[in-house]
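This report refers to the structure that appears directly beneath it.
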Amino acid sequence: MGVFERYLSLWVALCILAGVVLGNTAPDLFAMIAGVEFASVNLVVAVLIWVMIYPMMVQVDFAAIKDIGRRPKGVLLTLVINWLIKPFTMAALGWLFFRVIFAGFVDPETASEYIAGMILLGVAPCTAMVFVWSQLTKGDPAYTLVQVSVNDVIMIFAFAPIAAFLLGISDVTVPWQTLLLSVMLYVVLPLAAGVWTRHRLMRSSETRLDAFLARLKPWSVIGLLATVVLLFGFQAQTILAQPFAIVMIAIPLLIQTYGIFAIAYGAARAMKLPHNIAAPACMIGTSNFFELAVAVAISLFGLNSGAALATVVGVLVEVPVMLSLVAFANRTRHWFVS
């Protein structure tokens, strides 16, 4: 591992601190960057996520994808976790904490909004960041691509009905432009660029491809760190203005994240999945498509709502927690078949 990967947790912690400090000292700059968006997708963040994903897409070997049908268990695990377990456990935890445990600290209307934001996070499985977690756990890039692609297709049809059912309303407005544009930006375009790059390099030699990937690898982490700075900068004033609310929301989100990972990881081991399939499958089931959740929360409840705040806290919690799970998955590689 290079210096970036070896000390990634430290770099992320420093970037979180930098984002909060810069967001409070230069709020106009971050407001300007936040305004560069289309269909509720921030284009600056999209470029940085693209920088993260492109090196991984170059590694995708389409010759290996045809063999995935012989190994369906990894995709099945992801689908069960994402669509039959995760949304419902998130809703149950939201109800437990904000209707029972924290009921005396939050008014009923705000509690309902917090629960709604948590539900929107739970119904939106990860699309972009999972490629980073897959790379850090040495996951099979071709298999990870299939897992993400299948989830994206299902999300187009299942997101609104499940969210509507769990929210108890029938008029959930899904920003289809945001959903489709995000899939295009975070999956289709980087994949097309990666396939084209791989094809051109392989025409010369595999050694040239390996050398290119070695030069490109640090950019994935640089893109991740820059994204962390921006996300925390965007929400810096909220973090300092409502610390107690953020702590209350973070507690059930942490329980949900570690709990879902434990369920998925245990199931993957029981299914005897190889580690390079099991680890990304569990990461997909654990992490969230926060861009979509934030956009839907804002469109349904408003920019300053409790629902929007809950989805933002999901962003704040996700990166450090996922890094801890990446470290755990790497330390327990020997639990799985090769």
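The values are calculated or read from the model by the stated rules, or taken from the named source; none is laboratory data. All of these numbers come straight from a predicted model, not from anything done at the bench. Neighbour counts run over all protein chains shown; Cβ positions are idealised from the backbone, glycine included. Ligands, DNA and RNA are excluded from the accessible area calculation, which covers all protein heavy atoms including side chains. Shrake-Rupley method; radii C 1.70, N 1.55, O 1.52, S 1.80 Å.
See the values below:
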read-out	value
Odd one out for G104, checked against (1) more than 21 Å from L316 (Cα to Cα); (2) in a helix (DSSP H, G or I)	(2)
Hits in segment 158-199 - residues which are more than 23 Å from L43 (Cα to Cα), open to solvent by 40 Å² or more (accessible area, probe 1.4 Å) and modelled with pLDDT under 80	G168, I169, S170, D171
Subset tally (residues that are open to solvent by less than 10 Å² (accessible area, probe 1.4 Å) and closer than 25 Å to Q242 by Cβ) for segment 74-128	13
Checking I284 against (1) under 12 Å from the mean Cα position of the chain (by Cα); (2) more than 25 Å from Q59 (Cβ to Cβ), the condition it does not meet	(2)
Which listed residue, of F289, F301, F336, is open to solvent by 10 Å² or more (accessible area, probe 1.4 Å) and within 25 Å of V80 (Cα to Cα)	F336
Sole exception among (1) open to solvent by 30 Å² or more (accessible area, probe 1.4 Å); (2) over 22 Å from V317 (Cα atoms) for Y143, by number	(1)
Top-ranked residue of segment 135-166 - restricted to ones that are over 22 Å from L84 (Cβ atoms) and in a helix (DSSP H, G or I), ranked as farthest from the chain's Cα centre (by Cα)	A142
Odd one out for K272 among (1) crowded, with 23+ Cβ neighbours inside 10 Å; (2) within 30 Å of H334 (Cα to Cα)	(1)
Leading residue by the ranking (most open to solvent (accessible area, probe 1.4 Å)) among those in segment 248-265 that are within 19 Å of F290 (Cβ to Cβ) and out of contact with any Gly (no Cβ under 8 Å at 6 or more places or on another chain)	Y258
Residues satisfying the stated conditions in segment 215-247, i.e. open to solvent by 70 Å² or more (accessible area, probe 1.4 Å) and of a type in the set (A, V, I, L, M, F, W, C)	W219, L240, A241, F244, V247
Top-ranked residue in segment 49-59 [being crowded, with 20+ Cβ neighbours inside 10 Å and under 18 Å from the mean Cα position of the chain (by Cα); ranked as modelled with the highest pLDDT]	Y54
Filter result (in a helix (DSSP H, G or I), at pLDDT 70 or above and not β-branched (V, I, T)) within segment 60-85	R70, K73, G74, L76, L77, L79, N82, W83, L84
